[in-house]
Amino acid sequence: MISMVLKRVGNAVAVMIAVAFVAFMIFQFLGDPVQLMLNEQASQAERDALRIRLGLDQNFVMQFVTFITRVVQGDFGISYRNQQEVMSLIAERFPATLELVLVSTIIALSIGIPLGVYAAIRKGSPVARLLTIFSMIGVSIPSFVIGILLILVFAVQLNWLPAFGRGEIVHFGSWTTGLLTPSGRQALIMPAMSLALFQISFIMRLVTAEMLEVLRADYIKFARARGLPNRLVHFRHALRNCLMPVVTMTGMMIGDLIAFALVTETVFQWPGMGQLFVQAVMFIDMPVMAAYLMIVSAIFVTINTIVDLIYLWVDPRLRQAGVARGYHAH
Amino acid sequence: MHIDEAAPAGRMTQWRQRLNEAWDSDLAYSFRGSPMAMISALILLIVALTAILAPVIAVQNPYDLTQLFLDKAELPPIWVEGGEVPYLLGTDVQGRDVLSAILYGSRISLLIGFASVMASMAIGISVGLICGFAGGYVDNILMRVGDFVLSIPTLLVAILVSALFRELLPVNLRDSFAPLILMASIAITSWVQYARIVRASAMVEARKEYVLAAKILEVRTTRILLTHILPNVMTPVLVTATLSLGLAILSEATLSFLGVGMPVTQPSLGTLIRIGNQYFFSGSWWVVLFPAFQLGLIILAVNLLGDWLRDALNPKLQ
């Protein structure tokens, strides 16, 4: 068991070092920081001084070690575009992204699970069929298209909700939230819905598939034979056994969502770190791009590793080496 | 003389026989029983045909600046007051006919979608065959690379690859290489699933006796791989390809929407939505709505078809 845990954690660390290496290579290949930081009149002596100060006179391996040491300490350098520290730029915008992602996950779970259960227990009924079609549409329509449609209807035509921004926000030290003000909550509705739609459909399809599988199981037949009411059979016996994959997929999806939020943030001009990244890509602002890549990958890898470890803990069969992982997207 | 007469007739009956066989196959039977699959196929057929025939059907070539008239800019669709023939779905701020732009845009979107699925399939199959057959450290390294690709969000990788490739190219080449860059950035993020499927099957097949027999007969390894092992793994590969075509078209549209994909001079559907997005606050909703609708329709049809194919070829459900 301990060796399995160590192996998973070791894998995660290896992936992160590889990601850091990719980020490091981006700097190596694109642009000389000395040239970008000094003006054209700088003398050769000044250039050399900066080169030494940045550690660029060292060999490749030492430079990479220095790079990793800085990154671990949270030092991602200075943004080329607005000369601010990358770490503080991202920290400033992280709450907005996390709020958006968490709210849309909650929306997705609270709508997706009931609809999925309904589509499974009323399989073949007109409403269930309609739901299946809707879920297919939901996973097919790009989230930016949904966002634009929502803006067209609720902001431009009906003028009910703000089309962009985050509304009024409240500060708690370095953390900010829009959930405590009416305008902040209003501004959150459309971005959260457009980000959640894919997840709602996805969770619904997952729950339906799992429920249909479980409802065929013998213990469900036995529960019915015992004369238990449908409500108990469906919710206490069947649904509970479907929830594990749902929890797993939701956990893994949060990492994906943080990355995907950058599209939604662009549509709604939501001041999160995804929007910062898209702007950085436009200006080829390397330090911000590299930092975003590493931070989002770190979140993604951490969540996946935790999900893996929970699986090891819950399902003893996986503890034997060589047994394929259970229910995983990849 | 005798042979010359017989050959075409023989070919005809052969053809007819093949058609009959195809018509009677399980797949065709399942297709005829699924209205969803038939509608999706029909939609895709129409979209593909209109996209291919765009130069013939479209009233203007949206890339040709001499065909754009600024006095015809921002005309609404024809059923709204102020709409003009022949601009059925209206025009954008530059006087570009929205319908023509959609037809040309679908062309680009479909082409890049197909090309990137083909590219990722080719990479995935090659890697899978090599890993499955070679085993050992080659297998280990390539599969670790695959794990690594999957352990970072794909959208992020695609954006970075696309942005960096662009940056590495000289400015005057960027626009003409945009489709290739997009193809590469989508293929780099999506070959792993093919590699995994092919590898798993290749490992099983490689141990079977017919492969051993072929080896003893000193058949070349590439030949064994391509003529004996590959056909056995094609079914799951094709299902995956159909399912990931929708994803590829979606990725292309997302990248273009974000501004790291197709340039404004050669707009794909994603680029058209990006352009339209800047103008709909001024009231020209048609510039963004129709390309968005077309994009959604294409992806939905592809996904429905992929879903049907997966179920139809799944032996467990038959």
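The values are calculated or read from the model by the stated rules, or taken from the named source; none is laboratory data. All figures in this text were calculated on a predicted structure; none of them were measured in a lab. Glycine also receives a Cβ, built like all others from the backbone with ideal geometry; neighbour counts cover every protein chain displayed. For accessibility, only protein heavy atoms count, side chains too; no ligands or nucleic acids. Shrake-Rupley method; radii C 1.70, N 1.55, O 1.52, S 1.80 Å.
Quick look at the values:
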| quantity | calculated |
| --- | --- |
| Cleavage-rule hits, GluC sites (Glu not before Pro), region B:174-233, DSSP coil, Cβ neighbours within 10 Å at most 15 | B:Glu218 |
| Shielding by partners - mean other protein chain Cβ count within 10 Å, residues of B:143-154 | 5 |
| Sum of side-chain charges, B:Leu295 neighbourhood, beta-carbon under 14 Å (Lys, Arg +1; Asp, Glu -1) | +1 |
| Residue-by-residue Karplus 3J(HN,Hα) for region B:23-34, coefficients 6.51, -1.76, 1.60, Hz, glycine and proline x | 5, 8, 5, 4, 5, 5, 4, 5, 4, 5, x, 10 |
| Projected area averaged over orientations for region A:87-321, convex hull of C-alpha atoms, nm² | 16.6 nm² |
| Fully extended contour minus Cα-Cα distance, from B:Val145 to B:Leu45, at 0.36 nm per residue | 32.3 nm |
| Candidates B:Leu45, B:Leu99, B:Leu173, ranked by Gaussian network fluctuation over chain B, Cα under 10 Å, top entry | B:Leu173 |
| Amide hydrogen neighbours beyond the local backbone of B:Thr91, cut-off 5 Å, H modeled | B:Glu74, B:Leu75, B:Val98 |
| Neighbourhood net charge (13 Å Cβ-Cβ; Lys/Arg +1, Asp/Glu -1) for B:Phe133 | +4 |
| Shielding of A:259-266 by partner chains, average beta-carbon count, 10 Å | 4 |
| Accessible area (Å², 1.4 Å probe, nearest 10) - B:Lys208 | 90 Å² |
| B:Trp15, B:Trp191, reordered so the largest accessible area comes first (probe 1.4 Å) | B:Trp15, B:Trp191 |
| Loop-located trypsin sites (Lys or Arg not before Pro) in region A:182-259, at most 13 other Cβ atoms within 10 Å (DSSP) | A:Arg216, A:Arg226 |
| Taking region A:139-185 and dividing mean pair separation by its residue count, relative contact order in percent (alpha carbons under 8 Å, at least six apart) | 22 percent |
| Region A:142-246: GluC sites (Glu not before Pro) in DSSP loop, at most 11 other beta carbons within 10 Å | none |
| Estimated vicinal HN-Hα couplings, Hz - region A:218-233 in sequence order (Karplus 6.51, -1.76, 1.60; Gly, Pro = x) | 5, 5, 6, 4, 5, 4, 5, 5, 6, x, 5, x, 3, 4, 5, 4 |
| Rel. contact order, % - alpha carbon contacts under 8 angstrom, at least six apart, region A:87-201 | 37 percent |
| Most to least accessible of A:Thr264, A:Thr69 (protein chains only, probe 1.4 Å) | A:Thr69, A:Thr264 |
| Percentage relative contact order, chain A, counting C-alpha pairs under 8 Å, at least six apart | 25 percent |
| Distance from region B:287-301 to region B:99-147 (C-alpha centre basis), Å | 25 Å |
| Gain in span if fully extended, B:Phe177 to B:Asp64, counting 0.36 nm per residue against the direct Cα distance | 38.8 nm |
| Which of B:Arg207, A:Arg8 is most accessible, then next, and so on - probe 1.4 Å | B:Arg207, A:Arg8 |
| Rg/Rh for the protein assembly as shown, where both radii come from Cα atoms and Rh is the Kirkwood radius | 0.99 |
| Derived scalar couplings ³J(HN,Hα) [region B:260-276; Karplus, 6.51 cos²θ - 1.76 cosθ + 1.60; whole Hz; x for Gly, Pro] | 10, x, 5, x, 4, 6, 10, x, 8, 4, x, 5, 4, 5, 4, 5, x |
| Surrounding net charge for A:Asp218, when Lys and Arg each add one and Asp and Glu each subtract one, Cβ distance under 15 Å | +3 |
| Alpha carbon convex hull of chain B, projected area averaged over orientations, nm² | 24.1 nm² |
